[in-house]
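Just below is one structure, and these are the notes that go with it.
Quick note: the coordinates plus some simple rules give every number you see, no bench work behind them. Owing to the predicted nature of the structure, the values given are computational and were not obtained by experimental measurement. Because the Cβ atoms are built from the backbone with ideal geometry, glycine has one as well, and the counts that use them run over all protein chains shown.
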Amino acid sequence: MFKILAIIKKEFILDFRQIHLVLALFLYVLTNSYIAYKTFNVLPKVTWGAIFLIIFLYVGLNSVLKSFGHRYGQRQLHYYSYYDPIDLFLAKVIYNFALLFVLGISLALVLLLFSSNIIQDWSLFLISVGMGAIGLSVVFSFVSLLSLKSNSNTTVFSVLALPLVLPILLLMLKINATALGLIIDTSVGKDILLLLAIILLFFALSIILFPTLWKS
């Protein structure tokens with residue numbers, strides 16, 4: 001546990017040294033939300049939910065792509081020597097989850113500036129964002145390592161990442177629709193459990209495959 005916390009602290013320090021990259025993500029959220037508002041002028045619930053999910057997806061792509069990006073390629077021997085691959089993966093997933101969750105809430109708050117009284121069930125919406133953040137973090141962190149090993153970062157990442165997260169996004173869309181009051185879904189609890197099961201499946205597969213890929 002202490003090793004995982006140490007890796008998370010190290011990641012935070014490295015990102016703080018390049019704070020402009022983190023601020024660029026928040027600027028991405030702000031500008032895309034404003035462009036969406038100026039495009040539609042009014043953001044009804046259906047449009048709001050779709051825009052939120054699309055921007056959230058691409059924020060996730062841009063933020064997690066660096067998980068095992070250029071700086072890991074240069075320091076791979078260092079990480080290989082000092083860290084257990086499972087500890088490294090768990091630390092990256094936790095760190096990326098925290099970053100994605102903060103960005104997701106920030107995105108929702110910015111979009112709410114342009115349309116009030118959209119979210120009717122905040123607890124359900126937060127559950128959806130939290131589970132979506134952990135799901136995207138697990139999948140994107142693993143695919144980021146695959147792209148590093150293939151020496152083709154953007155191509156492999158884009159080809160593999162989007163199809164893998166499609167089930168997560170579809171369930172998020174349904175849960176968000178219930179949170180926004182677009183539909184009355186009495187089986188939303190089953191949707192949450194199904195989303196959790198998909199995330200755990202991806203997590204288990206990543207834990208099994210990650211050490212082998214990391215050491216190859």
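The table below gives the values:
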quantity	calculated
With Cα atoms, 0 to 90° folded angle of helix 122-149 axis to the chain main axis	30 degrees
Cα→Cβ-extended label distance, 7 Å offset, between Asp121 and Lys10, nm	4.2 nm
Potential lengthening between Leu170 and Ile105 on full extension [0.36 nm per residue; Cα-Cα distance subtracted]	21.5 nm
Amide N proximity, segment 173-206 versus Thr39 label position 7 Å along Cα-to-Cβ, cut-off under 19 Å	173
Per-residue Cβ neighbour rank within 10 angstrom, fewest leading, Met131, Met1	Met1, Met131
Rounded to 10°, Cα long-axis angle of helix 85-113 versus longest principal axis of the chain	20 degrees
Helix 153-180 vs. the chain, principal-axis angle (Cα, 0 to 90°, nearest 10)	40 degrees
Label selected from [x] 53, 42, 26; [y] 54, 41, 30; [z] 53, 37, 33, the criterion being Cα extents along the principal axes in Å as computed here	[z]
Burial ordering of Tyr37, Tyr58, fewest other beta-carbon atoms within 10 Å first	Tyr58, Tyr37
Percent RCO, i.e. relative contact order, over segment 2-215, from Cα pairs under 8 Å lying at least 6 residues apart	27 percent
